[in-house]
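Here's the structure we're looking at; comments come further down.
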Amino acid sequence: MTEPPDPRPDDQPDFPVVLRLAGCRCLVVGGGPVAARKAQVLVEAGAQVTVVAPRAVDTLAALASAGPARLRAVPPSGGAGSLDLQRRSYEQGEAAGYVLVVAATGRPEVDGAVVGDAVGAGVMVNSADRASPGTIQLPAVHRDGRVTVAVSTGGASPALARWLRDRIAGSLPPGVAQMATLVDEARTAMRDAGRPTGSVDWTAILDDQVAPLVAAGRIDEARAVLLDACVPPSPG
């Protein structure tokens, strides 16, 4: 087992990324409310989640027994997640068989062992134990269609991260998921026309024209505005 990394300095910034986990095998070690919450987020991302714990809260047991119909939360990348609950203790070294691992047992010696195994195998690992923080943080997430808002406090306070997430989500314009689809269509049209996507003032178009039209339900007009701005008609 590799020793878990030392906690990072408070002034060391995190490097945020967005992972595509649809179809990927992920391991959650622990059966309490924290483990349940993190397992559910992974399932919503389309991951194939294995939960290992001698005992599990009712939430996990219900999710495991519900089957694909209950768990079917299809991410933008496609594919439904799944959850397999195994009522047993963590086995040394098994973290190496997964793409991402979460240690959330609440027992420092177990969480530390899981983190050490994952780090030694080069596997991304998140831990609820500040003494063995792992290599990644799982942020508080809000999803609206293809739009994802994620907030992290670097492990300082999950409650604060959720509080900030809810307030940011409440400030998003109406129809932001529809806006993402329209912008994707416009960018595809630009690429097909051989025009660089950086040649448009996206902020001005979205603020002044597209967002108000989408909020008013005038989707076709918003689409036309975007296409006219991104791929102007040829003269003549």
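The values are calculated or read from the model by the stated rules, or taken from the named source; none is laboratory data. Not measured: the values here are computed from a predicted model. Note that we place each Cβ from the backbone using ideal geometry, even for glycine, and neighbour counts take in every protein chain shown. These area figures cover heavy atoms from the full protein model, side chains too; ligands, DNA and RNA do not enter into them. Shrake-Rupley method; radii C 1.70, N 1.55, O 1.52, S 1.80 Å.
Below is a table of values for the structure above.
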| quantity | calculated |
| --- | --- |
| All positions within the stretch 198-228 that are in contact (Cβ under 8 Å) with a residue 12 or more places away in the chain and either open to solvent by 90 Å² or more (accessible area, probe 1.4 Å) or more than 22 Å from LEU172 (Cβ to Cβ) (or both) | LEU227 |
| Residue identified as touching a residue at least 40 places away in the same chain (Cβ under 8 Å) and within 30 Å of ALA224 (Cβ to Cβ) among GLY194, GLY154, GLY175 | GLY175 |
| Members of the stretch 157-172 found to be touching a residue at least 12 places away in the same chain (Cβ under 8 Å) and among the small types (Gly, Ala, Ser), listed by number | ALA161, ALA169 |
| Some residue of the stretch 4-17 being open to solvent by 80 Å² or more (accessible area, probe 1.4 Å), β-branched (Val, Ile, Thr) and at pLDDT 90 or above | yes |
| Yes/no for GLY116 being on the phi > 0 side of the Ramachandran plot and open to solvent by less than 30 Å² (accessible area, probe 1.4 Å) | no |
| Residue satisfying all of: in the stretch 139-193; of a type in the set (Asp, Glu) and under 21 Å from ASP220 (Cα atoms); most open to solvent (accessible area, probe 1.4 Å) among these | ASP192 |
| Condition met for VAL141 (outside any strand (DSSP E or B) and of a type outside the set (S, T, N, Q)) | no |
| Only one of ARG87, ARG70 that is charged (D, E, K, R) and at pLDDT below 90 | ARG70 |
| Qualifying residues in the stretch 39-54 (those that are over 19 Å from ASP144 (Cα atoms) and open to solvent by 10 Å² or more (accessible area, probe 1.4 Å)) - the one nearest to the chain's Cα centre (by Cα) | GLN48 |
